[in-house]
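The structure appears right after this line, and notes come after that.
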Amino acid sequence: DAGVTQSPTHLIKTRGQQVTLRCSPKSGHDTVSWYQQALGQGPQFIFQYYEEEERQRGNFPDRFSGHQFPNYSSELNVNALLLGDSALYLCASSLGVGRLYEQYFGPGTRLTVT
Amino acid sequence: RKEVEQDPGPFNVPEGATVAFNCTYSNSASQSFFWYRQDCRKEPKLLMSVYSSGNEDGRFTAQLNRASQYISLLIRDSKLSDSATYLCVVNGLNTGFQKLVFGTGTRLLVSP
């Protein structure tokens, strides 16, 4: 049973550049959520995708955008990168969007902005 | 005030000890609660969901007190492998959708 996978594992970008991170949900899951985790902090919710639409969004600027594909995989795009965007980006999948559904995380993409 | 607050620790305990973590949340409308475990530079892993009646999974017991808006996690007979950061997580919405809000985590160090 394949778990949540993310690519790439690590990424180094320069300020002002754009980045795309990818996520494949756990087999059988249809909902993908993205989180940003800065060093020493808990993950912060960015947004959630279900049925190829953004359903919920956290307090992140429009520079952060996403997409979900018909096979339920998802991308996170960040434009005009800032130094403060350096973090571990986590994708989590769940079956449905209900509040009782447990979310399972992928290994994350560590983004460094220089 | 943060939506979810935890004591960052670290909690240093010997093997075999019992240790308890507490967490408070501010949104009284929250409906679901979880404990996740995170090892250094790894992803969070679901440890257990927390139910109103309290629940137990082996050495781990979770309790929810809605009146006081706090959640607890009790670990009995600590093992070296329990050393990790424990994240308290609350679903911040009372709608049909999820928006998980994480605490900053409590670090546990179990020593021989």
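One table, with the values for the structure above:
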{"read-out": "The stretch B:39-60 - residue that is acidic (Asp, Glu) and exposed (fewer than 14 other Cβ atoms within 10 Å of the Cβ) and, of those, nearest to the other protein chains (Cβ to nearest Cβ)", "value": "B:Asp39"}
{"read-out": "Number of the condition not met by A:Ser33 [criteria: (1) more than 10 Å from chain B (Cβ to nearest Cβ); (2) among the small types (Gly, Ala, Ser); (3) under 24 Å from B:Val4 (Cα atoms)]", "value": "(1)"}
{"read-out": "Count of residues meeting criterion [free of Cβ contacts under 8 Å to residues at least 24 places away in the same chain, out of contact with any Lys or Arg (no Cβ under 9 Å at 6 or more places or on another chain) and open to solvent by less than 70 Å² (accessible area, probe 1.4 Å)] in the stretch A:37-56", "value": "2"}
{"read-out": "Counted residues, the stretch A:1-28 - those being more than 19 Å from A:Leu90 (Cβ to Cβ) and touching a residue at least 40 places away in the same chain (Cβ under 8 Å)", "value": "6"}
{"read-out": "When residues of the stretch A:65-75 are limited to those that are in contact (Cβ under 8 Å) with a residue 24 or more places away in the chain and of a type outside the set (S, T, N, Q), the one farthest from B:Phe102 (Cα to Cα)", "value": "A:Tyr72"}
{"read-out": "Breaking point among (1) modelled with pLDDT under 95; (2) aliphatic (A, V, I, L, M); (3) within 30 Å of A:Thr5 (Cα to Cα), for B:Ala29", "value": "(3)"}
{"read-out": "Residue in the stretch A:101-110 that is open to solvent by less than 10 Å² (accessible area, probe 1.4 Å) and either aliphatic (A, V, I, L, M) or touching a His at 6+ places or on another chain (Cβ under 6 Å) (or both) present", "value": "no"}
{"read-out": "Tabulated pairs, the stretch A:100-114, first more than 11 Å from chain B (Cβ to nearest Cβ), second among the aromatic types (Phe, Trp, Tyr), C-beta under 9 angstrom, 6+ apart or interchain", "value": "A:Leu111/A:Tyr89"}
{"read-out": "Residues within the stretch B:65-83 that are at pLDDT 95 or above and open to solvent by 10 Å² or more (accessible area, probe 1.4 Å), tallied", "value": "8"}
{"read-out": "B:Tyr36 vs. criteria open to solvent by less than 30 Å² (accessible area, probe 1.4 Å) and either in contact with a helix residue (DSSP H, G or I) (Cβ under 6 Å, 6 or more places away or on another chain) or away from chain A (no Cβ under 11 Å) (or both)", "value": "no"}
{"read-out": "Given (1) more than 29 Å from A:Glu54 (Cβ to Cβ); (2) within 10 Å of the chain's Cα centre (by Cα), number of the condition B:Arg107 does not satisfy", "value": "(2)"}
{"read-out": "The listed residue being open to solvent by 60 Å² or more (accessible area, probe 1.4 Å), modelled with pLDDT under 90 and more than 30 Å from A:His10 (Cα to Cα), out of B:Asn22, B:Asn94", "value": "B:Asn94"}
{"read-out": "Condition broken by B:Pro112, with the remaining ones in (1) touching a Lys or Arg at 6+ places or on another chain (Cβ under 9 Å); (2) over 24 Å from A:Ala92 (Cβ atoms) satisfied", "value": "(1)"}
{"read-out": "Residues of the stretch A:15-36 that turn out to be open to solvent by 70 Å² or more (accessible area, probe 1.4 Å) and either modelled with pLDDT of 95 or more or closer than 22 Å to A:Leu82 by Cα (or both), as a count", "value": "4"}
{"read-out": "Count of residues meeting criterion [surrounded by fewer than 21 Cβ atoms within 10 Å (Cβ to Cβ), closer than 21 Å to A:Leu95 by Cβ and not acidic (Asp, Glu)] in the stretch A:68-83", "value": "4"}
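The values are calculated or read from the model by the stated rules, or taken from the named source; none is laboratory data. Keep in mind that this is a model prediction, so the values were computed, not measured. With ideal geometry, Cβ positions are generated from the backbone for all residues, glycine too; neighbour counts draw on all protein chains shown. What goes into the accessible areas is simple: the full protein's heavy atoms, side chains included, and nothing from ligands, DNA or RNA. Shrake-Rupley method; radii C 1.70, N 1.55, O 1.52, S 1.80 Å.
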